[in-house]
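Each remark here refers to the structure printed beneath this line.
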Amino acid sequence: MRVRNGTSADAESIAALHTASWRSAYRALMPAAYLDGPLAAEHRAKWRTRASVLSADRCLLLAEQDGELRGFIHLDTAPDGRVHVDNLHARPGHVGTGVGRALLRHGFAWAARRHPGQDVYLEVLRGNARAISFYERAGGLRTAERPLRTAAGFTLAEIEYTWPAAAVSRYGDGRPASDALPPPAPG
């Protein structure tokens, strides 16, 4: 698997993977009319904009294998200075294959280099048990829970997971990434 920086040319493939991931992971959490309706167009518009305005405060990494986009991670800087993992998605059918782990490691390495001394955090929907398990195995600490009112008009609960700066810094000091995240579970 190869991890590389994303560009504006990747916007359509990122949007398609993002939509497929939501439809797979959130089917029991979000209205079908939203997932099967306006979601794809919203993601296309979002990624056309995001992929065209990358900067030193943002990171977009793609995982590819055999010419196929397998996953992506997008990080940016939050107003409080922490690094925010805004998106981390693996293509359905490739969840549990190490794609997310590789992207998280690369994202942490970027955060350690570009924003030393800052915690990294993300939000996950409370009903997304598979992702929650992954973040906890990866050393994320549950630091908050709050309601999320979506632009589509429904409310969900999200949980915040944080990786302290000391843990993230291990990715930027030349040590192998395996020192900071446990290896993938067999099977």
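Counted by Cβ distance under 15 Å from Glu160, the other residues give a net charge of -3, where Lys and Arg count +1 and Asp and Glu count -1.
Here r is the Cβ-Cβ distance between Thr49 and Ser24 and R0 is 30 Å; the resulting FRET efficiency, rounded to 0.05, is 0.80. The distance between label points at Arg126 and Glu160 comes to 1.6 nm (points 7 Å beyond Cα on the Cα→Cβ vector). Its DSSP H runs of at least 4 residues, each contributing -39,500 (n - 2.57), put the calculated 222 nm mean residue ellipticity of the chain at -9500 deg cm²/dmol, to the nearest 500. As a calculated quantity, the FRET efficiency between Ala32 and Glu145 at R0 = 25 Å, using C-beta atoms, amounts to about 0.50. Note on the chain: GNM, Cα springs under 10 Å; of Thr49, Thr162, Thr19, the largest mean-square fluctuation is that of Thr49. Rounded to the nearest whole Hz, the Karplus-based 3J(HN,Hα) values (6.51 cos²θ - 1.76 cosθ + 1.60, θ = phi - 60°) of the range 61-74 follow the sequence 10, 10, 9, 10, 8, 6, x, 10, 6, 9, x, 8, 9, 10, with x at glycine and proline. Looking at the chain alone, DSSP beta bridges between its own residues are antiparallel in about 90 percent of cases.
Note that the range 141-153 has calculated 3J(HN,Hα) couplings of 9, 5, 10, 6, 9, 7, x, 10, 8, 7, 5, 7, x Hz, one per residue in order, obtained from phi through the Karplus relation 6.51 cos²θ - 1.76 cosθ + 1.60 (θ = phi - 60°); glycine and proline are x. Along the range 54-59 the Karplus relation, 6.51 cos²θ - 1.76 cosθ + 1.60 evaluated at θ = phi - 60°, assigns HN-Hα couplings of 5, 8, 5, 8, 10, 9 Hz to successive residues, with x for each Gly and Pro. Put a dot 7 Å past the Cα of Asp80, heading toward its Cβ, do the same for Arg2, and the two dots end up 3.9 nm apart. Between Gly153, Gly107, Gly71, the GNM of the chain built on Cα springs shorter than 10 angstrom shows Gly153 fluctuating the most.
Each reported figure results from applying straightforward, stated rules to the coordinates on display, with no laboratory input. Here the structure is a predicted model, which means the values were calculated and not measured. We place every Cβ from the backbone using ideal geometry, glycine too, and count neighbours over all the protein chains shown.
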